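Report on the following structure.
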Amino acid sequence: MRRELVKSIHSHGDVRRRFAAPLLLVLVTSGCNRGVLDPAGPIGAQEKQLLINSTAIMLAIIIPTIIATIAFAWWFRAGNKKATYRPDWEYSGAIEMVVWAIPALTIMLLGGIAWIGSHDLEPSHPLKSQVRPINVEVVSLDWKWLFIYPDQGIATVNQLVVPAGVPVSYRLTSATVWNSFFVPQFGTMIYTMPRMTTRLNLQADRPGIYEGISSHFSGDGFSGMGFKVQAVPANQFAAWVSNAHGSTMKLDGPAYAELSKPSSYVKPMTYGTVVPGLYDAIVANRVPPNPVPEPLHNQQVNGTKA
């Protein structure tokens, strides 16, 4: 009985070991999903390829260096009588050529990739597309994100909705301290700075829900400064805008003053109307305009002149 029990325990141990390696591999590789290695837009895809190319070039030095280090340590070990001991050796032109030429070529290749990539992936350059881009104004607050759609006259907090397959032109600033806007699957992290505007152009190639983060520490509530990006088909985006106009929340001066108070883990919310010029007022560090004018579609319904 005891022998059978021990045999059973060893058998179960073999099964656990057999499945442990594949399970560990799945857990490790799952961490690579939905990040920079799983791009969902043209910029993210180009940055992934840039990362792969740079890594491959660096491995051209790293791998031979590791192999050579192990080979030299093994060959010149104390027990190897075939190794020649040359205490007076001090110079070899061939070795110097290899030691300096390979790193120089590597630096030239990496420099060329960085030069080309920095121009092709310039954040302010508009994306090539037959579709007209939409405009989004981004404001980092303590500790939340405000997204203003100036053409649609609406705004959201901690929720960014964009049409899939359509370029999005961002203007970004900070109402407080430095921060950083980053949607890993879209690519290109960019800073938001007070009294300044940075520009960014991105696109989601496919519908989905993507994680957006603040990648620059900005204080106590930093950990709760995440947001969701919803990429939806163009017709669903138009329907979402229409529904957003039905929100009774208005983003005017007093509402913005309340919103700008420090708070973290803020639930997504939508403002049906936004006072014009709010983003520019935030950049200029002046009091936002007030009050919010009556929405254009309401003016037309009421018969007043728009």
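Nothing in this text is a laboratory measurement; each read-out follows from the coordinates by a stated rule. Quantities reported herein were computed from a predicted structural model and do not represent experimental measurements. Because the Cβ atoms are built from the backbone with ideal geometry, glycine has one as well, and the counts that use them run over all protein chains shown.
Here Asp151, Asp88, Asp280 are placed in order of increasing Cβ neighbour count within 10 Å, fewest first, which gives Asp88, Asp151, Asp280.
If one puts a single equal scatterer on every Cα of the stretch 134-285 and applies the Debye formula without solvent, what log₁₀ I(q)/I(0) results at q = 0.13, 0.14, 0.19 Å⁻¹? The Debye formula, applied to the Cα set alone, gives -0.52, -0.61, -1.21. Restriction of the GluC sites (Glu not before Pro) in the stretch 70-157 to DSSP coil positions whose beta-carbon has at most 16 other beta-carbons within 10 angstrom yields Glu90. Look at where the Cα atoms of the stretch 33-89 and of the stretch 98-166 average out, and the two centres are 30 Å apart.
For Val162, the amide hydrogen comes within under 5 Å of the amide hydrogens of Gln230, Ala231, Val232, counting only partners 5 or more places away or on other chains and with H modelled in the peptide plane. Each other residue within a Cβ distance under 14 Å of Ala114 adds +1 if Lys or Arg and -1 if Asp or Glu, for a net charge of -3.
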